[in-house]
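Only one structure is covered here, and it is reproduced in the block below.
Just so it is clear, none of the values below were taken in a lab; they were calculated from the coordinates. Nothing here was measured: the structure is a model prediction, and the numbers come from that model. Cβ atoms come from the backbone with ideal geometry, glycine included; neighbour counts cover every protein chain shown.
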Amino acid sequence: MAGKSEPAATETVAIHAKAGQIKIAFLAIALVALILAPQFLYPIFLMKLLCFALFAAAFNLLLGYTGLLSFGHATFFGGAAYFTAHAVKVWGWSPEAGILLGVLGAAALGLVMGAIAIRRQGIYFAMITLALSQMFYFFCLQARFTHGEDGIQSVPRGRLFGIINLGDTMTMYFFVLTVFVIGLLIIWRFVNSPFGMILKSIRENEQRAISLGYSVSRYKLGAFVMSAALTGLAGGVKALVFQFATLTDVTWQMSGEVILMTLLGGIGTLAGPVFGAGLVVTLQNFLATSDVPVTIITGLVFMVCVLLFRRGLVGEFFATKLGRKLGFRSES
Amino acid sequence: MIFGVPVQALMGQLLVGLINGSFYALLSLGLAVIFGLLRVINFAHGAQYMLGAFVALLLLTVGGVNYWFALILAPLFVGLFGAIVERTMLSRLYKLDHLYGLLFTFGLALAIEGTFRYFFGASGKPYAAPAQLTGAVNLGFMFLPIYRGWVVIASLIVCFAVWFMIEKTRLGAYLRAATENPVLVQSFGINVPLLLTLTYALGAGLAAFAGVLAAPVYQVSPLMGTNLIIIVFAVVVVGGMGSILGAIVTGYMLGVVEGLTKVFYPEASNIVIFVIMAIVLILRPAGLFGKDA
């Protein structure tokens, strides 16, 4: 979303001399925490969290850094889950090949959806992606390989590269963690590349970017496909974690969920979507055992976020004096 | 027989299409009116449609109020609800990126639908058509259920009335002027914030009216508006939100096309509107009646 949405910071704060080292220390602590986490928490829950965190981070690549709100990302998440599950279960592919197919399939879907949707901007873009993903939902409902309401069940995890047995939960956890870290590194590299800089310039001032000679549509489409592919990575891995792929992952509710994760955590920050996903998944887990319906809470959180703290939790922290002293800043 | 399809089946589906089209037209009209002035895509439109049907149902079962009064009362209730939402919350978002309005109303839709699902369950509840409109007439080539005929006529009348109000009356002129330049209109002493509230209430009321009309045709359920609103979004993209008349015409047209698809290629009937949307976007990105590119 465009930079005009929030007032600028009131005062400039000198960045702390050791800000860089402190940031690295934060990252190291986070990584150690993730490595130790399965000793204390249910590993399947953690894997679900990591998959959604990657999903949200990939989504944020589009919303936070390109300013495009897609309401159809469930297509890539659920679509990739179907592709991976089908390849591994029916064709007997190895897990890495199955995930690769999921990524490529999601990228192809992203190419088609993106090519149609970038013909309109802003609010229309959101509506078009929503409509196209609803079309994909109906396709999945009727296509034979998805098994309709039943979904693809009991997908084998198999052996990674033919040697590592992913059937073991802890092994699977470290595989998912590795994919997650690689995914985030790709996003970080992408955002800080010249390509990412051009995307930000398009978000800030599209007319100016055009006048500078950049083919804006091509860059937008590139970002869309990139985001779809990384979403596909998250979806494919999720299919292996839960060993099934169902219609739930292609519904518009799923597209809404990832928007909520990103919004709650902080649009245009790398850590925001990860935190947001963690919060939403934990909340859902908590509410699933209580009497309170998840939809109502989700809806209310959405409204509160939009009305009161649009920067999200991580974004709000970045905007505090301490956050600015450490040299953090949101990109939106 | 026409193209190998029995005339009765063809006419039957054409009627179904016309009825769906009536709802598409009413809903996309409301969306277009709200968007025109507020620049907000009202995601809660489907929820407000559902609210209209539920208010009618509750009026009947709890208060014993009949269909005809519900047809007036439900839009008023939902319109008032819309006005409160606009005044207290939505109006704070106008200065921001338009996407926040979409996100806010999305959350609102989830909260409303979740609440109704919690209290009334997900299953549909029947709502009987009023006695005056039950039965069917023989048109020679087919039987026309009277209520279905009424739906088409009622929606045509309301669509025309809204079009007339916006294009031909003084209030409509204020609305159109405020769409073009709100600051200038305000400086002429017209209360633009009030105009915005009334517009949102009108849109919500239209959705509720469609909901009451739909109650006897479909069942009343908390999720009745959810999938409908996504189709209506596609309708709005096809028509282009620039014109009121465009929204109405596109609504009926796509309803009929959908009905015909059910006759000739039933597998595609769910997605035909989305396919048309994609084709229109490729050939004419501004939409059939859109002004801006």
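Summary table below
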| read-out | value |
| --- | --- |
| Listed residue pairs exceeding 27 Å between alpha carbons, taken from A:220/B:95; A:200/A:325; A:18/A:321; A:48/B:95 | A:48/B:95 |
| Electrostatic dipole magnitude of region A:195-240 [Cβ: Lys, Arg +1; Asp, Glu -1; Cα centre; debye, to 20] | 40 debye |
| Peptide A:65-72 - average C-beta neighbours from other chains (10 Å radius) | 2 |
| Projected area averaged over orientations for region A:41-251, convex hull of C-alpha atoms, nm² | 11.5 nm² |
| C-alpha center-to-center spacing [region B:94-142, region A:12-37] in angstrom | 49 Å |
| Residues residue A:248 and residue A:164, FRET efficiency given R0 of 22 Å [Cβ-Cβ distance, rounded to 0.05] | 0.15 |
| Simple label model, 7 Å out from Cα along Cβ direction - residue B:168 to residue A:205, nm | 4.8 nm |
| Helix axis angle, B:272-283 relative to chain B longest principal axis, alpha carbon, degrees | 50 degrees |
| Value of D in µm² per second that Stokes-Einstein yields for the protein assembly as shown, Kirkwood Rh from Cα pairs, at 20 °C (1.002 mPa s) | 83 µm²/s |
| Neighbouring partner chain Cβ atoms per residue of B:227-237, average, 10 Å criterion | 4 |
| Percent RCO, i.e. relative contact order, over region A:41-251, from Cα pairs under 8 Å lying at least 6 residues apart | 45 percent |
| Residue A:40 versus residue A:321: modelled label distance in nm, points set 7 Å from Cα along the beta carbon direction | 3.1 nm |
| Rounded FRET efficiency, nearest 0.05, which uses the C-beta distance separating residue B:265 from residue B:138 and R0 of 25 Å | 0.25 |
| Helix B:244-264 axis, angle to chain B major axis (alpha carbon atoms, nearest 10°) | 30 degrees |
| Helix B:226-239 axis, angle to chain B major axis (alpha carbon atoms, nearest 10°) | 80 degrees |
| B:155, A:290 arranged by Cβ crowding within 10 Å, fewest neighbours leading | A:290, B:155 |
| Point-charge dipole on Cβ atoms (K/R +1, D/E -1) for chain B, about Cα centre, debye to 20 | 280 debye |
| Trypsin sites (Lys or Arg not before Pro) restricted to DSSP loop in region A:81-186 with at most 14 other C-beta within 10 Å | A:144 |
| Computed E for residue B:283/residue A:141 - FRET, C-beta separation, R0 41 angstrom, nearest 0.05 | 0.90 |
| GNM top mover of B:203, B:12, B:189 - chain B, alpha-carbon springs below 10 Å | B:189 |
| MRE, 222 nm, helices only [DSSP H, n ≥ 4, -39500 (n - 2.57), over chain B, to nearest 500] | -23500 deg cm²/dmol |
| Label point distance in nm, residue A:21-residue B:187, each placed 7 Å from Cα along Cα→Cβ | 5.9 nm |
| Residue of B:39, B:92, B:148 that the Gaussian network model of chain B assigns the largest fluctuation, springs spanning Cα pairs under 10 Å | B:92 |
| Cα extents of region A:132-222 along the three principal axes, largest first (Å) | 53, 35, 19 |
| log₁₀ of I(q)/I(0) at q = 0.09, 0.14, 0.15, 0.16 Å⁻¹ - region B:23-224, Debye sum with one point per alpha carbon | -0.37, -0.83, -0.93, -1.03 |
| Kyte-Doolittle mean at least 1.0, axial Cα span of 24 Å or more - DSSP H helices of chain A | A:19-36, A:43-66, A:95-117, A:122-142, A:169-191, A:216-242, A:271-288 |
| Residue with peak Gaussian network fluctuation, chain B [Cα springs, cutoff 10 Å], from B:192, B:232, B:78 | B:192 |
| Solvent-free Debye scattering, log10 I(q)/I(0), computed from the Cα coordinates of region B:152-284 at q = 0.22 Å⁻¹ | -1.41 |
| Cut-off under 5 Å, modelled amide H: who pairs with residue B:220 long-range | B:125, B:127 |
| Gap separating the Cα centres of region B:234-293 and region A:75-143, nearest whole Å | 23 Å |
| For A:305-316, mean number of other protein chain Cβ atoms within 10 Å | 3 |
| Cut-off of 10 Å, at most 11 other beta carbons, DSSP loop: longest stretch of chain A lacking such GluC sites (Glu not before Pro) | A:150-332 |
| Amide H within-cut-off set for residue B:136, under 5 Å, with H built and near neighbours excluded | B:146 |
